[in-house]
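Chemist: Starting off with a structure, shown below.
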Amino acid sequence: MSRIVRIAAGQGFWGDWLEAPRRQVEGGPIDYLMLDYLAEVTMSILQKQMQRDPLAGYARDFITQMEGVLPAVVDRGVRVTANAGGVNPRGCADALLEMARGVAHHDRLRVGVVTGDDLLPRIDELIAAGHELAHMETGAPLSSVRDRVLSANAYVGAGPIMEALARGANVVVTGRCTDTALILAPLMHEFQWPANDWDRLASGIVAGHIIECGAQSTGGNCAYDWSTIPDLENIGFPIVEVAEDGSFVVTKHPGTGGRVDVHGVTEQLVYEMGDPKEYITPDVIADFTTIRIAADGKDRVRVFGVHGAPPTDMLKVSIAYRDGFKAVGTLVYAWPDALAKAKEADRIIRARLANLGLTFDLIHTEYVGATATHGPLATIPDELPEVQLRIGVRGNDRKAIERFTREIAPLVLTGPPGVTGYAGGRPKVEEVVAYWPALVSKNVIRPSVSILTT
Amino acid sequence: MKIRLLDIAHARSGDKGDTANVGLIALRDEWYPILVRYVTRERVAEHFSKVIKGSVERFELPNLLALNFLLHGALGGGGTVTLRTDAQAKVYSTAMLRLVIDVPDAEARAAGLPEYRT
């Protein structure tokens, strides 16, 4: 029988189920564990943390979760790929090594650190050299928000992770890389797929896309026949069993909850998709219209036939910048006339804000329970047991936003009756961090890899 | 005959910047051509006309019995900027499933489509 590489996903975003990584290494045989922590704007949060504390700037959950995973790494040879490094991969690796010193056989740990994605220190140099870093949708040059930029990171591909694995790393910590590279790199390393074998590379990308969001491919957030999906409290995270030809089976450990079927995997395939013919990554362009998918027994789905094409010579850059402030406040109005009372409260708040001479870029009101999420597409029943008034403001004047946060609670004694649910206190003022997607030439990004031990 | 998408398809949605994507998947093989024919770009744009600010794009994935829609200007500026409850377009999927299409009776019966009665 031909060789199979098993890659398990243990984290679909920073804040995902803490138990999942340990369950993935203990629940059955796997070769690799991939952990994805980085959403579009996570880097800016981490950048802010590092400004306050130079030792921070990475996903701290990773260190906690690795305590449960390390025995499998040093004793059983499971290897880990994780983008937990955030804006400080070296700091993340140091924290991991520090924690590992208390674990038996820690001398077997080899941590590969991938850096070079962080463009924050290089922005001016890049702009001076003619790289506009224009907004991918609006076309505006980055110089228009330059002084407000918080973080800038290139999405690096599989190359440097493969290099770390080839140099013997059993845990690879990266900063910003594509989520799918965390899966593609182990496959290219294990099978020695040529870097221009577009179809097999594309298959690796599809495998990555299916498992990178964790349990969303094993029954979590699954719309298809959701009420019959068993044992979600015990949900198994996804595993791909990949063959040398790139075809693979999506499954999960025996005895875990959830469900792996064609319907759920298809839902995950179309999640966050753009043009399905061009799923662009730094390593290959995958054509999702070529994917073949078939049931392969209980909790097993086979995926094959994927085609790919050469990538572009650009890398995507994820930039975050400060864009004013916001706050959201809520109150709950109960029957009778819940919605009418909530609407009257909204009118009063807006009038008081106007009388104070405060202006905002936006005041946004929703009535939760009376179609906050579907808007005019939904119809509202005549009698509602309660409605949550949810009112938010956004603008550049922090003082105005602060003042707004003082205008919610007074409604309890100065507005319509039947109001409650204000125990949470004043809303918090948050800085708005906006997202600026851009492209940069591959040849200006120079990832580097180092290997650290205890 | 009136057919509601909830009864013939399932869906998942997500965000990219200020754009929502909705993947719409036929519940049965024989219903995919119905989706292709009647859930047009124009029909979806009309459905969401009071909800989104931008245009609609549609892509076909016959291999997955799926259509992918991009709804531009759908998130009040994008995930971190927006004041909306559904900041990341997670429930645009179910908003899509509210769409009711008109299918000629003979064609609807031949495909075994469940009629939607209000």
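Chemist: Taking the stretch B:11-45, which residues are over 27 Å from B:Thr80 (Cα atoms), within 13 Å of chain A (Cβ to nearest Cβ) and either touching a strand residue (DSSP E or B) at 6+ places or on another chain (Cβ under 8 Å) or assigned to a helix (DSSP H, G or I) (or both)?
Modeler: Across the stretch B:11-45, the qualifying residues are B:Ile25, B:Ala26, B:Leu27, B:Asp29, B:Tyr32, B:Leu35.
Chemist: While we're looking at this one, here's another question. Output the residues belonging to the stretch B:1-10 that are outside any helix (DSSP H, G or I) and either farther than 20 Å from B:Gln88 by Cβ or more than 13 Å from chain A (Cβ to nearest Cβ) (or both).
Modeler: Passing the criteria: B:Met1, B:Lys2, B:Ile3, B:Arg4, B:Ala9.
Chemist: Scan the stretch B:42-88 residue by residue and report those that are without any contact (Cβ under 8 Å) to a residue 24 or more places away in the chain and among the charged types (D, E, K, R).
Modeler: Within the stretch B:42-88, B:Glu42, B:Glu46, B:Lys50, B:Lys53, B:Glu57, B:Arg58, B:Arg84, B:Asp86 meet the criteria.
Chemist: Additional query: Give all pairs with beta carbons closer than 6 Å in which a residue from the stretch A:272-285 that is within 11 Å of another protein chain (Cβ to nearest Cβ) meets a residue that is of a type outside the set (Ser, Thr, Tyr) and in a loop (DSSP other than H, G, I, E, B); count only pairs at least 6 apart in sequence or on separate chains.
Modeler: none
Table: residues versus (1) of a type in the set (Val, Ile, Thr); (2) touching a Phe, Trp or Tyr at 6+ places or on another chain (Cβ under 8 Å).
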| position | (1), (2) |
| --- | --- |
| A:Gly112 | no, no |
| A:Ala134 | no, no |
| A:Pro186 | no, yes |
| A:Ile205 | yes, yes |
| A:Ile210 | yes, no |
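Chemist: If I filter the stretch A:340-361 for residues that are in contact (Cβ under 8 Å) with a residue 40 or more places away in the chain, farther than 25 Å from B:Gly79 by Cα and aromatic (Phe, Trp, Tyr), do I get at least one hit?
Modeler: Within the stretch A:340-361, none of the residues are in contact (Cβ under 8 Å) with a residue 40 or more places away in the chain, farther than 25 Å from B:Gly79 by Cα and aromatic (Phe, Trp, Tyr).
Chemist: Could I ask something else about it? Grab the helices (runs of 4 or more DSSP H) fully contained in the stretch A:6-93, keeping just those with 3 or more residues being basic (Lys, Arg) and on the phi > 0 side of the Ramachandran plot.
Modeler: So the answer is none; nothing clears 3.
Chemist: Could you grab me the full set of residues in the stretch A:368-426 that are over 22 Å from A:Leu353 (Cα atoms) and more than 32 Å from the chain's Cα centre (by Cα)?
Modeler: If the condition is that a residue be over 22 Å from A:Leu353 (Cα atoms) and more than 32 Å from the chain's Cα centre (by Cα), then A:Thr379, A:Ile380, A:Pro381, A:Asp382, A:Glu383, A:Leu384, A:Pro385, A:Glu386, A:Gly418 are the ones that fit.
Chemist: What is the residue count in the stretch A:420-437 for residues that are surrounded by 14 or more Cβ atoms within 10 Å (Cβ to Cβ), modelled with pLDDT of 90 or more and more than 12 Å from chain B (Cβ to nearest Cβ)?
Modeler: The number of residues fulfilling the criteria is 2.
Chemist: Out of B:Asp102, B:Asp7, which single residue is among the acidic types (Asp, Glu) and within 14 Å of the chain's Cα centre (by Cα)?
Modeler: Result of the check over B:Asp102, B:Asp7: B:Asp7.
Chemist: Same structure again: Among (1) assigned to a helix (DSSP H, G or I); (2) polar (S, T, N, Q); (3) touching a His at 6+ places or on another chain (Cβ under 7 Å), which single condition is A:Asn443 missing?
Modeler: (3)
Chemist: A further question on this structure: Being within 30 Å of A:Glu40 (Cα to Cα) and at pLDDT 95 or above narrows it down to one residue among B:Leu61, B:Leu75; which is it?
Modeler: The unique qualifying residue is B:Leu61.
Chemist: Related question: Could you look through the stretch A:94-120, keep only residues that are assigned to a helix (DSSP H, G or I) and free of Cβ contacts under 8 Å to residues at least 60 places away in the same chain, and pick out the one that is surrounded by the fewest Cβ atoms within 10 Å (Cβ to Cβ)?
Modeler: The selected residue is A:Glu98.
Chemist: Only strands (runs of 3 or more DSSP E) wholly contained in the stretch A:299-396 count here; list those with 1 or more residues that are of a type outside the set (Lys, Arg), more than 9 Å from chain B (Cβ to nearest Cβ) and farther than 25 Å from B:Ala87 by Cα.
Modeler: Output list reads A:301-304, A:307-309, A:314-334.
Chemist: Please determine whether any residue of the stretch A:247-264 is within 13 Å of chain B (Cβ to nearest Cβ) and either within 15 Å of A:Arg6 (Cβ to Cβ) or crowded, with 24+ Cβ neighbours inside 10 Å (or both).
Modeler: yes
Chemist: Scan the stretch A:48-60 and give yes if some residue there is in contact (Cβ under 8 Å) with a residue 24 or more places away in the chain, within 30 Å of A:Thr251 (Cα to Cα), assigned by TED's automatic domain parsing to the domain that holds A:Thr174 and in contact with a strand residue (DSSP E or B) (Cβ under 6 Å, 6 or more places away or on another chain), otherwise no.
Modeler: no
Chemist: What's the number of the condition A:Asp225 fails, among (1) charged (D, E, K, R); (2) within 14 Å of chain B (Cβ to nearest Cβ); (3) buried (at least 20 other Cβ atoms within 10 Å of the Cβ)?
Modeler: Answer for A:Asp225: the failing condition is (3).
Chemist: Could you tell me whether A:Leu126 is among the aliphatic types (A, V, I, L, M) and in a helix (DSSP H, G or I)?
Modeler: In short, yes.
The values are calculated or read from the model by the stated rules, or taken from the named source; none is laboratory data. A quick note: this is a predicted structure, and the numbers were derived from the prediction, not measured. Neighbour counts are summed over all protein chains in view; Cβ atoms, including those assigned to glycine, are modelled from backbone coordinates with ideal geometry.
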